[in-house]
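Here's the structure we're looking at; comments come further down.
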Amino acid sequence: MFQTLYSYFWWERLWLPANLTWADLEDRDGRVYAKASDLYITLPLAFLFLVVRHLFETYVATPLAGLLNVKEKVRLKATPNAVLERFYAATSKHPKQADVEMLSKKSGCTVRQVERWFRRRRNQDRPSLLKKFREASWRFTFYLIAFIAGMAVIVDKPWFYDLREVWKGYPIQSVLPSQYWYYMIELSFYWSLLFSIASDVKRKDFKEQIIHHVATIILISFSWFANYVRAGTLIMALHDSSDYLLESAKMFNYAGWRNTCNNIFIVFAAVFIITRLVILPFWIMHCTMVYPLDLYPAFFGYYFFNFMMVVLQSLHIFWAYLIIRMAQKFITGKVVEDERSDREETDNTEEEEEVTKNGPLSNGHPVLNNNHRKTD
């Protein structure tokens, strides 16, 4: 049964144009072609990325955060309460009014105290400023290096300047060592992002991020299987061109460098819109949808690859909407914040007013803190 499924999965008509077989893509005469087995290395490399990331965040990003004066905001802790904690863990972090009244009777607290407890408890679970900074630092470093490496891989190739060259001789196109390592490193990194997404900072577009990572992994893998390597390198470099700008803007935002953050964000927004909403659909997707049909009839691989490109493009439109919303805030003079962020809640109570007057409290006692910061 396994052998039957294997043979159906690797049926040439799914992956290659008509009149071509896998035998045509066997290494010969010094020419090396993309093979599915090449991608086995990406899984151990993904776990290596997780190790490198941990070391980077510990020994590079954390000291850098100290140099940039990234400090934690003191949060008021929720008073230990077994009844409220059980409801918070098992039922809901956002109780309805009827639940609040029920919990008030069970716990012996007033309704206001219950509401305050849940606000503080939710704040305790929100990621710290240092965690956000370290994540942004790691992604900034990778995306910047990947963009530079990607440009080095493709800038001297004829298909970088003439997109019709992408399909010249397809699929009998040998793979260069630089293309091989570019693919392996990019795919390994996205595997590592997928593995760590549950522990990373969760934002409002958490589901979209999962879809993006899965779609990217499928696209990179499929383009390697079907030898869409030239198109794949162009697409990866195009995506990396704006990502490092966003991560650097986040880093400066967490460090409190508002003007620098805003200026970088404007550059990022311009690059994102030009690359993702102009170059990608009108040049790259035109190249993958129109030019191949001049050489061979459409086949399953052609439809599948372009369908995944449409999925990615849909996500770009969604994120462009969020970016434009942030740009509007910048233009109107408001602080630019990540629209995907889960904002920290505050208590509008007499106790919180006392905090404002006398400084933060920890379990009812004032905490000395001379590092006053704006809310992230």
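The values are calculated or read from the model by the stated rules, or taken from the named source; none is laboratory data. For clarity, every value in this text was computed on a predicted model and none was experimentally measured. Here the Cβ is made from the backbone with ideal geometry for all residues, glycine too, and neighbour counts use every protein chain on show. Accessible surface areas use protein heavy atoms only, side chains included; no ligands, DNA or RNA. Shrake-Rupley method; radii C 1.70, N 1.55, O 1.52, S 1.80 Å.
The residue that is most open to solvent (accessible area, probe 1.4 Å), among those in region 221-232 that are in a helix (DSSP H, G or I) and out of contact with any Lys or Arg (no Cβ under 8 Å at 6 or more places or on another chain), is Phe225. When Gly232, Gly301 are screened for being assigned by the TED database to the domain that holds Ile154, at pLDDT 90 or above and closer than 30 Å to Glu165 by Cα, only Gly232 passes.
Checked against the criterion of being at pLDDT 90 or above and farther than 21 Å from Ile148 by Cα, the candidates Trp181, Trp167, Trp191 yield just one match: Trp167. For the residues Ser137, Ser104, the requirement of being open to solvent by less than 50 Å² (accessible area, probe 1.4 Å), among the small types (Gly, Ala, Ser) and more than 30 Å from the chain's Cα centre (by Cα) singles out Ser104. Within region 39-63, the set of residues being touching a residue at least 24 places away in the same chain (Cβ under 8 Å) and of a type in the set (Ser, Thr, Tyr) comprises Thr42, Thr62. How many residues does region 108-121 contain that are assigned to a helix (DSSP H, G or I) and open to solvent by 30 Å² or more (accessible area, probe 1.4 Å)? Of the residues in region 108-121, 7 are assigned to a helix (DSSP H, G or I) and open to solvent by 30 Å² or more (accessible area, probe 1.4 Å). If only residues of region 264-316 that are assigned to a helix (DSSP H, G or I) and of a type in the set (Ser, Thr, Tyr) are counted, the one that is nearest to the chain's Cα centre (by Cα) is Ser314.
Hey, can you tell me all the residues within region 122-139 that are part of a helix (DSSP H, G or I) and not hydrophobic (A, V, I, L, M, F, W, C)? If the condition is that a residue be part of a helix (DSSP H, G or I) and not hydrophobic (A, V, I, L, M, F, W, C), then Arg122, Asn123, Gln124, Asp125, Lys131, Lys132, Arg134, Glu135, Ser137, Arg139 are the ones that fit. Ala255 satisfies every condition listed in (1) within 14 Å of the chain's Cα centre (by Cα); (2) of a type outside the set (Phe, Trp, Tyr); (3) more than 24 Å from Met309 (Cβ to Cβ) except (1).
Total residues in region 256-265 satisfying the condition of being on the phi < 0 side of the Ramachandran plot and crowded, with 16+ Cβ neighbours inside 10 Å: the figure is 5. Selection of region 159-179 for residues being in contact with a helix residue (DSSP H, G or I) (Cβ under 9 Å, 6 or more places away or on another chain) and either crowded, with 17+ Cβ neighbours inside 10 Å or of a type in the set (Gly, Ala, Ser) (or both) yields Trp159, Phe160, Leu163, Val166, Trp167, Tyr170, Pro171, Gln173, Val175, Ser178, Gln179.
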